[in-house]
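Colleague: Let me begin by handing over the structure; questions about it come next.
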Amino acid sequence: MIRTKVCLSLTGSTLAENIAILDKYRKWIDVAELRVDYLNADERLHIRKFPELAKIPCILSIRRVVDGGKFTEGEAARTVLFARGIAFANQDSRKNFSYIDIETDFNVPSIQDAALAFGTRIIRSSYLKEEPIGNLQNRINKLRLAGFEIPKISYEPRSLSDVTQLFHQAKQLKEFEQIIAVRGQLALPSRILATKLHSLLTYTLPKELLDEQRPHGGIDPISLSEIYNFESINEKTKVFAITGYPLLHVLSPKIHNEAYRTKKMNNVFIPLRAQRIEESIEFAEELSISGITVSRPFKNTVKDFIPTIDENAGYSFTCDAIIRENDSWSGFNLSVNALSETLCKFIGRKNLAGMKIAIIGAGTETRTVSYVVKLLKGKACIFNNPVSQAKKIADLFSFKSASLSEDSLSKISSYSDLIIQTKTENVDIVRYGGVDIVYDPIPFYEFTGNEYVFDCTYNPHPNPLIVRAKKSGCNTANSFDMIQRQSRAHFELFTGVPYDKQEFDSE
C-alpha cells in the first residue's frame, strides 16, 4: 500500500518568505511544492537553489492561468524557467528538485530528458473540469506514458456526489503511484482520506491562507495531523462524519478524533460539506460510514430519508445524528439532552419553571430549542420575520409568536428572563473585529443586566449581541458546552464505547 505523503504548497512572493513558511510547518510535512507562478519576477531567477535551502524533497510547479495558476508569460518563458530550475544538477540529489509538475500538453523532450538524467520524477498533470469524472483508471493509465512518470488528476467537483464517484473509482488504483488532487470547497474529505484514494500526495496550505469565514476545502498541515490523526489513517480506518452546510467552526472533529487517539481506536471523524442530505448518505454508504452527526440545514429534513427515528427526534421534529446498522439508517436527537443540561447549568436551576423565554429566530435550531424549553417547563415566545414561520413552530409547542422588530419590543421585554438566539440562516452578515459574523438580531432592545442571554450559534468570535449583553452585565453563553456534550453522546452512539471526559482535555 502506498503511504500518502503530506505536501505543503508554497505561494509566497519570495524564496525567503517561502522558506519561513516551510520552517513553520516542517515538522508536519514530507514534501514542499514551490509555486513559481506566485514568485516575483526577480525571485524566479534563483529557483535553482530552493531545494538546498528547503532541505526537504521539493516539487517544481509553474502553473498557468488556464490550470488555476498565475503564470501569464507564455510557454517559451515557462520552458526557460523549468530548465533553470533543474539545470546544473548536484551530485547530492537532496539539493535538486525531487519532482517537476508538468501538464499533459507540455511536451519538451529536453526538459523531460534532463529530469530523467538528474533523477527528478515527472508528475504528469491533467486538470479536469467536466462533471463527473468517468473512467478514472483509463485516464490515469493514459497519463502513465513512462514508468518514471507519476500521473496526477486535478479535479474540481460540483457536488459531493462527484466526490463519492471519485472514491468509488479509486478502489481500482491500488497497484501504482498516482496523485488525486481535488480542488474547491468540496475537497476536504479527499485531503483527509487521501490514503483511501491511493494518492501519493495530499496537498495542504499554510493556515494563514485559509479564510475560516468562508467555505473552502483546504487544510493546513498541523490540523491534518493534530486534529485528524492523518499519519494513522489506513485502508482499515473507520470513518465517521459531520455533515451540513457551510460547516464553519465545527468542533466535533477535534472532540471525536482526540477521543479516538486517546483510546487507540483506528477511526477518523471528518467534515462532510454537502448541498443535499441525500449526497451525504450516498457518500457514507460508499465509504461504509456508520455514524453521521447532522448539522444545519439538514436537521429538519434528514428524517424524510431514513426509516426510523427516536422519540426526541419525533417530538422535536429534528435529527442531529444518524447511524447505519444492517443496511438501514436510524435517526436520533441527542442535542435535546445536551441543550437541557447546558441551559440548566447556565442558569443554575433544575428547570425553567416560572421563566419567560424569548426565542429569537425560526430556523433549524428553533424546533429543538422550543422542545427543550417545553420539557423544562418554561413559557416562550418565538420572534421572527416573517412571523408566520415563528407561529408555525410556536403552535407545535403552545408558545406565543411575534415579529422580530421594534414593534415587538414590549413583548420581548416581557419574555426576557432568558433570551435564546437561534437565528443562523438568512441573516445579515457584517464585518466585526475583522471577521464576518451574524448581526445583532435585536439592536433595538436595551438590556437591563438581569437577562440570561444564550447564543445557539457557535463562532469563536463573539457576535455583537453577546458583546452588548455582556457590557450591560448580563450572564451570557454560547453553545460550546452543548456541542461538547452532544459530541460525547454521538461518540458513544457511533462507537458503543463510553466517553470518559476525565480522559480528555477538551472539557
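Colleague: Using DSSP to call loops (not H, G, I, E or B), can you name the GluC sites (Glu not before Pro) in region 116-207 whose Cβ has at most 11 other Cβ atoms within 10 angstrom?
Modeller: E130, E175
Colleague: From the phi angles alone, apply the Karplus equation (6.51, -1.76, 1.60; θ = phi - 60°) to region 479-496 and give each ³J(HN,Hα) in whole Hz, x where the residue is Gly or Pro.
Modeller: 8, 4, 5, 4, 4, 5, 5, 5, 5, 5, 5, 5, 4, 5, 5, 6, 9, x
Colleague: If you filter region 15-100 for trypsin sites (Lys or Arg not before Pro), then keep DSSP loop positions with at most 13 other Cβ within 10 Å, what is left?
Modeller: When the trypsin sites (Lys or Arg not before Pro) of region 15-100 are filtered for loop state and at most 13 Cβ neighbours within 10 Å, nothing remains.
Colleague: S414: net charge of surrounding residues, Cβ under 13 Å, Lys/Arg +1, Asp/Glu -1, itself excluded?
Modeller: Local net charge: +2.
Colleague: For region 42-73 and region 286-346, what is the separation of their C-alpha centers, rounded to whole Å?
Modeller: Measuring centre to centre over Cα atoms gives 48 Å.
Colleague: Using label points projected 7 Å from each Cα along Cα→Cβ, tell me how many nm separate E17 and E175, to one decimal.
Modeller: 4.6
Colleague: At a Förster radius of 25 Å, what calculated FRET efficiency corresponds to the Cβ-Cβ distance of T262 and F480, to the nearest 0.05?
Modeller: FRET efficiency, T262 to F480: 0.80.
Colleague: For every other residue with a beta carbon closer than 11 angstrom to the beta carbon of L143, add +1 if it is Lys or Arg and -1 if Asp or Glu, then tell me the sum.
Modeller: On the way: positive: R124, R139, K142, R144, K152; negative: E103, E149.
Charge balance near L143 sits at +3.
Colleague: Which whole-number percent of Cα pairs in the chain have a distance greater than 31 Å?
Modeller: Here the tail beyond 31 Å accounts for 51 percent of pairs.
Colleague: Show me, for region 463-469, the HN-Hα J-couplings you get by feeding each phi into the Karplus relation (A = 6.51, B = -1.76, C = 1.60, θ = phi - 60°), rounded to Hz, glycine and proline as x.
Modeller: Each residue of region 463-469 in turn: 8, x, 4, 5, 4, 5, 5 Hz.
Colleague: Let me ask something additional. Mean residue ellipticity at 222 nm from the helices of the chain, using -39,500 (n - 2.57) per DSSP H segment of n ≥ 4 over the full residue count, to the nearest 500 deg cm²/dmol?
Modeller: It lands at -9000 deg cm²/dmol.
Colleague: So which chymotrypsin sites (Phe, Trp or Tyr not before Pro) in region 86-135 are both in a DSSP loop and have at most 14 other Cβ atoms within 10 Å of their Cβ?
Modeller: Filter output for region 86-135: F88.
Colleague: Something else now. Across 10 Å bins from 0, what is the distribution of all Cα-Cα pair distances for region 337-482, in whole percents?
Modeller: 12, 46, 37, 5, 0
Colleague: With a Förster radius of 45 Å, plug the Cβ-Cβ distance of S405 and K254 into 1/(1 + (r/R0)^6) and report the FRET value to the nearest 0.05.
Modeller: In this case the efficiency is close to 0.70.
Colleague: Can I ask one more? With θ set to phi - 60° and the Karplus curve 6.51 cos²θ - 1.76 cosθ + 1.60, what are the ³J(HN,Hα) couplings of region 140-156 in order, to the nearest whole Hz, using x for Gly and Pro?
Modeller: For region 140-156, the Karplus curve yields 5, 4, 5, 6, 7, 6, 9, x, 8, 8, 10, x, 9, 9, 10, 9, 10 Hz.
The numbers here are math on the coordinates, done by the rules we state, and not lab data. No experiment lies behind these values; they were computed from the predicted model shown. Positions of Cβ are backbone-derived with ideal geometry, glycine not excepted, and every protein chain shown enters the neighbour counts.
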